[in-house]
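Some notes on the structure that comes next.
The values are calculated or read from the model by the stated rules, or taken from the named source; none is laboratory data. From a predicted model like this one, the values you see are computed outputs, not experimental measurements. We work out accessible area using only protein heavy atoms, side chains counted, and drop any ligands, DNA or RNA first. Shrake-Rupley method; radii C 1.70, N 1.55, O 1.52, S 1.80 Å.
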Amino acid sequence: WDNADFSRGVGTTFYQEFSTLNTAKPPFVRDVEAKVRQYLRSSYSAAWTLKITWEKAPVYAPKTDTRKTITYQAVLTTDGFRSYILMLYQDGGMQWDYNRLPSTNVLIGYT
């Protein structure tokens with residue numbers, strides 16, 4: 001794991017909440033439902049979804065070039081009984097130079 005560092009004024013974090021229990025579902029939520037169905041091969045209808053985006057996030061390390069940034073998202077979704085998370089990364093995966101990070105055993109994902 002490594003941390004993003006927004007303290008130098010580079011990058012942005014924002015979120016968008018979708019409560020869809022009794023409302024029409026926007027295309028983003030329908031896409032999330034389709035991904036859950038595809039990957040898990042089960043029926044799924046989202047009641048609530050949260051999209052968090054880290055845009056142009058620089059790595060946390062004083063020696064690292066702030067021009068090397070990454071944009072990624074975490075999408076949390078639930079139908080009220082089951083909950084899922086999708087981790088979405090920009091094309092090309094993690095763009096941070098892991099050879100310059102303090103730790104060399106870098107992972108992408110969550111626990």
- Under the Karplus relation with 6.51, -1.76 and 1.60 and θ = phi - 60°, whole-Hz ³J(HN,Hα) for segment 74-90, x at Gly and Pro, equal 10, 10, 9, 8, 8, 9, x, 10, 10, 10, 9, 9, 10, 9, 10, 10, 4
- Going from most exposed to least, what order do 71, 49 have by accessible area with a 1.4 Å probe? 71, 49
- Item | Heavy-atom accessible area order for 33, 17, largest first, 1.4 Å probe | 17, 33
- Message: If I ignore ligands, DNA and RNA and count only protein heavy atoms, how much of residue 75 is accessible to a 1.4 Å probe, in Å² to the nearest 10?
- Response: 0
- 3J(HN,Hα) from dihedral phi, segment 30-40, Karplus parametrisation 6.51/-1.76/1.60, rounded to Hz, x for glycine, proline: 4, 5, 4, 4, 4, 5, 4, 4, 5, 6, 9
- Taking H as built 1.01 Å from N, whose amide H comes closer than 5 Å to the amide H of residue 60, not counting residues under 5 places away? 3, 4, 5
